[in-house]
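The values are calculated or read from the model by the stated rules, or taken from the named source; none is laboratory data. Note that the structure is predicted; figures quoted are calculated from it, not measured. Neighbour counts run over all protein chains shown; Cβ positions are idealised from the backbone, glycine included.
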Amino acid sequence: MPIATLTSKGRITIPKDLRDSLNLQAGDKIQFTIKNDRGVSLKASNTKIDDVSGMLNKNATKSYTVKEMDEHLAKYFKETWT
């Protein structure tokens, strides 16, 4: 189990194996969620626009409603971020 030390300025370094596992790069955003009194989970919010480019093809033969696009995007992000 990786361990990080909190500095006097409130900073930590995320261990390399976790950064690699989450594909974290400098500048990526990380969301922290308090799970209980002493527990926290973190979630990488590092999806770039290039990761979703091409999802909306202006030359497609089928049109989608806004609701359908929202559903497709929600499914994509759920699969990508979980």
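Scanning segment 41-82 for residues that are among the aliphatic types (A, V, I, L, M), surrounded by fewer than 12 Cβ atoms within 10 Å (Cβ to Cβ) and at pLDDT 85 or above gives VAL66, ALA74.
Across segment 1-41, what is the total count of residues that are charged (D, E, K, R) and either touching a residue at least 40 places away in the same chain (Cβ under 8 Å) or assigned to a helix (DSSP H, G or I) (or both)? The number of residues fulfilling the criteria is 4.
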